[in-house]
Amino acid sequence: MPQAKQPGLNGRHRNDDGQARAKRGDTLVGTLRKTYGEDFAEGRRSDMRLDTLLKREGVPSLNDLLEGKGKTGQ
């Protein structure tokens with residue numbers, strides 16, 4: 001049975017356990033800027049991978065990064 005779109009998932013779907021599916025680590029910052037705006041990861045190259053960005057910002061997930069929990073946030 002297909003699941004209905006749910007707010008806050010940013011185009012992602014939920015796994016069978018109900019958790020939002022994680023963005024792939026090889027997603028490029030340039031691609032994410034199409035979803036989150038041109039100021040996403042400002043100062044970072046558009047060809048940087050998400051997993052590299054998360055590691056450099058010291059956060060485990062894209063959601064934490066978006067909530068400002070990285071080194072430059074808080």
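The values are calculated or read from the model by the stated rules, or taken from the named source; none is laboratory data. The model shown is predicted, which means the values in this text are computed figures rather than measured ones. Cβ placement follows ideal geometry from the backbone for every residue including glycine, while neighbour counts extend to all protein chains displayed.
Results, tabulated for the structure shown:
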{"item": "Within region 1-24, tally of residues that are modelled with pLDDT under 85 and either part of a helix (DSSP H, G or I) or under 13 Å from the mean Cα position of the chain (by Cα) (or both)", "result": "9"}
{"item": "Hits in region 38-74 (condition: of a type in the set (V, I, T) and closer than 15 Å to L28 by Cβ)", "result": "T52"}
{"item": "Residue among T72, T35, T52, T27 that is polar (S, T, N, Q) and at pLDDT 95 or above", "result": "T52"}
{"item": "Residues of region 25-74 classified as surrounded by fewer than 15 Cβ atoms within 10 Å (Cβ to Cβ) and assigned to a loop (DSSP other than H, G, I, E, B), total", "result": "19"}
